[in-house]
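Please read the structure below before turning to the comments.
The values are calculated or read from the model by the stated rules, or taken from the named source; none is laboratory data. Every value quoted in this text rests on a predicted model; they were computed, and no experiment measured them. Positions of Cβ are backbone-derived with ideal geometry, glycine not excepted, and every protein chain shown enters the neighbour counts.
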Amino acid sequence: MLKINKLHKSYKMGDSSLHVLKGIDLHVDKGEMVAIMGSSGSGKSTLLNIIGILDELDSGEYTLDGIEIKDLTEKKAAQYRNKFLGFVFQSFNLINFKNALENVALPLYYQGLKRKERQEKAMFHLEKVGLADWSTHLPNELSGGQKQRVAIARALAAEPKLLLADEPTGALDSATSHEIMQFLQQLNDEGKTILIVTHEEDISLMCKRIVRLKDGVIMEDKKVKQNRLI
Ligand code: ADP
Ligand code: MG
């Protein structure tokens, strides 16, 4: 599904540069549920953004679903993102003036689906996250957990092969966090490949594999017995 070899990434800052990722090797197979752990500033988001084709690597290799991700034009990058990847963020990133259904339907617009198809598909995914009755509500009428469910439905609407989540529970209380993780576990049970960035130990233990980053290198990469509430 995903192969990264000898990845390096630096950020230029005026005359100096900050070496953030220092030779990352990471292979992820279809059906895995991986936690990327590490303290703040260890390079987790940088790595996830490169995997998500939101940012470019400096050196090394990255192939996604057999396709080498290298020197892509903006247009190609957007195409691959739409085709392969779903994103979930700590801050939900919902559009405030659009209701839940419209938020979920938005990525389908970029896939060129007709309005009716978009609405049906969006509704199907809202139902899947248990929010069918909330479809006409605006984000500010939803709880944090509900917002994150809408964001997950939106990420799933385009049927991505890989779901990328950057601190998806970072803004949620612990009961709601576990609920969201349970839902991600169910998705993974159905075969979805999921990568979750987190700095919370209990969240990582709900995944099947933990990759630990420290100062831009992988310190540890181990399979774990997945913690489940159900
Ligand atoms: P994490 O997600 O693990 O907290 P990040 O990947 O966000 O870490 O950041 C790693 C390091 O890179 C940090 O020191 C951060 O300040 C720096 N950094 C992140 N993004 C940028 C950027 N766009 N420009 C310059 N420095 C950045
Ligand atoms: Mg981060």
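Looking at SER177, SER143, which is the one that is within 19 Å of the chain's Cα centre (by Cα), more than 16 Å from ligand 2 (Cβ to nearest atom) and free of Cβ contacts under 8 Å to residues at least 60 places away in the same chain? Let's see the steps before the verdict.
Details: SER143 fails: within 19 Å of the chain's Cα centre (by Cα).
Among SER177, SER143, only SER177 is within 19 Å of the chain's Cα centre (by Cα), more than 16 Å from ligand 2 (Cβ to nearest atom) and free of Cβ contacts under 8 Å to residues at least 60 places away in the same chain.
Test ASP166 against the stated conditions and say whether it is modelled with pLDDT of 95 or more, acidic (Asp, Glu) and under 16 Å from LYS128 (Cβ atoms).
Numbers: modelled with pLDDT of 95 or more: yes; acidic (Asp, Glu): yes; under 16 Å from LYS128 (Cβ atoms): no.
When the stated conditions are applied, ASP166 does not pass them.
Answer yes or no as to whether SER59 is more than 27 Å from LYS22 (Cβ to Cβ) and among the small types (Gly, Ala, Ser). Can you show your working first?
Details: more than 27 Å from LYS22 (Cβ to Cβ): no; among the small types (Gly, Ala, Ser): yes.
It is false that SER59 is more than 27 Å from LYS22 (Cβ to Cβ) and among the small types (Gly, Ala, Ser).
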Per the filter on the stretch 38-87, residues touching a residue at least 24 places away in the same chain (Cβ under 8 Å) and under 16 Å from HIS199 (Cβ atoms) are GLY38, SER39, SER40, SER42, GLY43, LYS44, SER45, THR46, LEU47, LEU48
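Can you work out which of the residues in the stretch 12-37 that are without any contact (Cβ under 8 Å) to a residue 24 or more places away in the chain and part of a strand (DSSP E or B) is nearest to ligand 2 (Cβ to nearest atom)? Show your work before the answer.
Just the residues of the stretch 12-37 that are without any contact (Cβ under 8 Å) to a residue 24 or more places away in the chain, to begin with: 12-18.
This time we only want the ones that are part of a strand (DSSP E or B), so: 12-13, 16-18.
On the way: LYS12: 19, MET13: 18, SER16: 21, SER17: 19, LEU18: 15 Å.
The qualifying residue nearest to ligand 2 (Cβ to nearest atom) is LEU18.
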Is it the case that LEU164 is outside any helix (DSSP H, G or I), away from ligand 1 (no atom under 16 Å from the Cβ), touching a helix residue (DSSP H, G or I) at 6+ places or on another chain (Cβ under 8 Å) and closer than 18 Å to ASN93 by Cα? no
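Regarding GLU56, is this residue of a type in the set (D, E, K, R) and part of a strand (DSSP E or B)?
Numbers: of a type in the set (D, E, K, R): yes; part of a strand (DSSP E or B): no.
Taking the combined requirement at face value, the residue does not satisfy it.
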